[in-house]
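Read the structure below first, then the notes.
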Amino acid sequence: MSFSTVTKNELARVVGKDQCCKLAELAALVRMDGALHSERQKAALTVVTENAAAARKVFSLFKDLFGVHTQVLVQRRTRLRKNNLYVVRLPLAGEGEEILERLGVLDGQGRLTAGLKEELVRRDCCRRAYLRGAFLGGGSVNSPEGTYHLEIVTTSRRHARDICRLMGRFGLGARVATRKNWYVVYLKESEQIVDFLNIMGAHTALLDFENVRIYKEMRNQVNRLVNCETANLNKTVDASMRQVENIRLIASTVGLDGLSPGLKQVAEARLNHPDASLRELGEMLEPRVGKSGVNHRLRRLEEIAGRIRARGNRDSHLTSGKDLRPVMK
Ligand SMILES: [Zn+2]
């Protein structure tokens, strides 16, 4: 089962605090998935969903709020898509119009409304319920293992904006994009998705999401650390190899005896221990030398090797440096 379905199944079990919240949630479900049919005498409101739990919720909200029994039909789809479609059908006789008015589908004059009826979302509890209904009716959320993405898809630009605005009341920076003839309200940031799951009351989904997210972040952090350490290690190995090369060059040209005693000691220690750290090298010396002292001497050796490379084999010219004993005299 996808993370989206698990989340919706959880939300389908969340019941609004008061009647006002239940009405807001049902209004959202009807606006997302509802259609009015008026063929012959069989005027009806249908709410169509792929999610069985959402269909059950629509059924029980109608019963709870208006005391009406809706019919639930299952359309099995076999060819293109495997999911069944659940159709909740409310015949529109008698009090039908009043129900549609209360749900904000019709205005006071019996005309279809374009946007969200503000009365439905006056209270904070109702705004949460409305968003829950909107998500149940047309939302989906990626598993946190993949890219962070949550969306609510609607056919109405106006409704997309309404949803966006409601989410904004909770500090969520949702955006609207178009996809063919659809309007997609979406969130891309993991923190915002977590907040939204919380606002709707999907607490189990929220915990699952957080666990995966934390695990993912830790894994990335560990990878970064490992990469960083590997990079440092490579740098150290490269430096040591260069030092050994320098010392070998000096040994084969002017000879290590031509170096001052301090430099000679470090040169010998490095040749014998190519994998020792600077600190370790310092501890091998007599008297001991700190890390920066060792580093300083190795740099002097590098300068000498550099001069040797620059001047070729005329080592007599090198004996004047203060690091070298004047062996040729
Ligand atoms: Zn409420």
### Query
Hey, what D do you get for region 1-72 in µm²/s if you plug the Kirkwood alpha-carbon radius into Stokes-Einstein at 25 °C and 0.890 mPa s?
188 µm²/s
### Query
Percent relative contact order of the chain, based on C-alpha pairs within less than 8 angstrom and at least six residues apart?
13 percent
### Query
Taking N as the number of residues in the chain, what value does Rg over Cα atoms divided by 2.2 N^0.38 Å take?
1.88
### Query
Using 0.36 nm per residue, how much length does the chain from Glu245 to Ala231 gain when fully extended, once their Cα-Cα distance is taken away?
2.9 nm
### Query
Average projected area of the Cα convex hull of region 22-164, in nm²?
10.1 nm²
### Summary
From DSSP H assignment alone, runs of 4+ in the chain each adding -39500 (n - 2.57), the sum over residues rounded to the nearest 500 puts [θ] at 222 nm at -18000 deg cm²/dmol
### Proximal charge balance of Phe3 [Cβ under 15 Å; K/R count +1, D/E count -1]
-2
### Message
Through the Karplus equation 6.51 cos²θ - 1.76 cosθ + 1.60, θ set to phi - 60°, convert the phi angles of region 126-136 into ³J(HN,Hα) values in whole Hz; use x for Gly and Pro.
### Response
6, 4, 4, 5, 5, 5, 4, x, 5, 5, 4
### Query
Hey, what's the Cα Rg ratio for region 217-320 versus the globular rule of thumb, 2.2 N^0.38 Å?
1.29
### Given Lys57/Lys188; Lys235/Lys291; Lys17/Lys57, the pairs whose alpha carbons are separated by over 18 Å
Lys57/Lys188
### Query
For region 136-204, which trypsin sites (Lys or Arg not before Pro) are both in a DSSP coil and crowded by at most 11 other Cβ atoms within 10 Å?
Lys180
### Length-normalised contact order of region 217-320 in % [C-alpha pairs under 8 Å, at least 6 apart]
27 percent
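Each reported figure results from applying straightforward, stated rules to the coordinates on display, with no laboratory input. A quick note: this is a predicted structure, and the numbers were derived from the prediction, not measured. Counting neighbours? That spans all protein chains shown, and the Cβs are built from the backbone with ideal geometry, glycine included.
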